[in-house]
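The values are calculated or read from the model by the stated rules, or taken from the named source; none is laboratory data. Everything numeric here is computed off the predicted structure, so don't read it as measured data. Because the Cβ atoms are built from the backbone with ideal geometry, glycine has one as well, and the counts that use them run over all protein chains shown. Quick note on the areas: whole protein, heavy atoms, side chains included, nothing else; ligands and nucleic acids left out. Shrake-Rupley method; radii C 1.70, N 1.55, O 1.52, S 1.80 Å.
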Amino acid sequence: MGRRQNDSEPSRFISLSFLLVGLISCALVYTVLSVVLNPNLSSKGSNFESLALTEESSDGGCCRGIEKLELWGAAVKWGSDFKFNSSKECCQACKAMCTGIDGPCLCDTWVFCGNKKACGSKFGECWLKKQKDIFAPDRQEAGDPVIWTSGIIFGKGEGIVGLETEYGTLHIKLFPDCAPHSVAYILELLTLRHCAGCQFHRAEGRGQLWDSEGNHIKKAPFGPPFAMIQGTLEAQGTSFKKIPTEECPYIRRGSVAWVGSGPEFFISLANHQEWKKAYTVFGSVLPEDMEIAEKIAQLPTNSDVWNNINVSVLEKPVPLLVRRLKTRQGNLNKM
């Protein structure tokens, strides 16, 4: 008769296995909780910056274009063989070729046909193109008969314009994928020989209400002063067309946004969560140039009342000129 198998050895092995699995699981849980809960491992930025970054990453960033506009340019992807269901997907395909990792953007323009009835067999076509001069995109057609929607993309270190003043030049990174109509207007200003009438006329510093990084001081009021400089971007002798509401994120320090539909605009010196998402933001001042905005905010002013709001108006308006700038080093390439 054969010998009966001893059950004690396998049982001991199984018990040890369960114990080992349990220890590994506990270690993994501890590691995950440590990363999530340990404040020393979180971002060094403010809570406001973390919130903004979360919002940007949650929707994949902006991808807007202008309807009834066809931009021309050398094709890098032929739409007849490259189709999508939405303009956003077409835009994202262009962005994927403009990461800044492998050098200059391979695509800086996208053109999409999204109206099934009007496009017919061309519905879904996504043409990816490359401009000779992205500041002066080649426009084929515009207006009601046009069936296309077009947009442009600026890569890292590209799409920088300067607001030139006697106190220095504010370098501004434009956001054509978030505010295409706004950026199209700024590009039109670049073609003018002058910008007579363009100026800053209101200036209010941070006072004791916001710190040097733009964060609101606890228990302090939200103004006045309102931590911003305001002006107009309408050149004399030109006809201004109201700009439609576009992307309206929270206002952050450095945000450049329209007051209403323009041409009044402002540059924020602080993070204004209290303003909610009320203003179209079409650009951002490079961090190293904010000292110029701060300098303008400290110029002599007179008190005034606009729509029952106390404001500070510059004794002497500061003229500005919109300039096209070449890529430069520094924080520029990070934007």
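For this structure, a couple of remarks:
- The one condition from (1) in a loop (DSSP other than H, G, I, E, B); (2) touching a helix residue (DSSP H, G or I) at 6+ places or on another chain (Cβ under 7 Å); (3) of a type outside the set (Ser, Thr, Tyr) that Pro104 does not meet is (2).
- Subset of the range 107-138 [in a strand (DSSP E or B) and either open to solvent by 60 Å² or more (accessible area, probe 1.4 Å) or not basic (Lys, Arg) (or both)]: Thr109, Trp110, Val111, Phe112, Cys113, Glu125, Cys126, Trp127, Leu128, Lys130
Residue by residue, here is whether (1) of a type in the set (S, T, N, Q); (2) surrounded by 13 or more Cβ atoms within 10 Å (Cβ to Cβ); (3) modelled with pLDDT under 75; (4) under 23 Å from Phe154 (Cβ atoms) holds:
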| site | (1), (2), (3), (4) |
| --- | --- |
| Leu33 | no, no, yes, no |
| Leu41 | no, no, yes, no |
| Cys63 | no, yes, no, yes |
| Leu69 | no, yes, no, yes |
| Ala74 | no, no, no, yes |
| Gly79 | no, yes, no, yes |
| Phe84 | no, yes, no, yes |
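- Count - residues of the range 289-311 that are open to solvent by 30 Å² or more (accessible area, probe 1.4 Å) and either assigned to a strand (DSSP E or B) or out of contact with any Leu (no Cβ under 7 Å at 6 or more places or on another chain) (or both): 14
- Taken over the range 190-202, the residue count meeting the criterion of being touching a Pro at 6+ places or on another chain (Cβ under 7 Å) and open to solvent by 10 Å² or more (accessible area, probe 1.4 Å) is 2.
- Among the residues of the range 210-224, just one is open to solvent by 40 Å² or more (accessible area, probe 1.4 Å) and either of a type in the set (S, T, N, Q) or under 12 Å from Ala297 (Cβ atoms) (or both), namely Ser212.
- Considering residues of the range 269-288 that are of a type in the set (A, V, I, L, M, F, W, C) and within 23 Å of Ala184 (Cβ to Cβ) only, the residue surrounded by the fewest Cβ atoms within 10 Å (Cβ to Cβ): Ala278
This table checks each residue for (1) free of Cβ contacts under 8 Å to residues at least 40 places away in the same chain; (2) buried (at least 20 other Cβ atoms within 10 Å of the Cβ).
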position: Asp144; (1), (2): no, no
position: Thr149; (1), (2): no, yes
position: Ile152; (1), (2): no, yes
position: Gly157; (1), (2): no, no
position: Leu163; (1), (2): no, yes
position: Pro180; (1), (2): no, yes
position: Val183; (1), (2): no, yes
position: Glu188; (1), (2): yes, no
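- Within the range 229-255, tally of residues that are under 20 Å from Gly207 (Cα atoms), among the aliphatic types (A, V, I, L, M) and in contact (Cβ under 8 Å) with a residue 60 or more places away in the chain: 1
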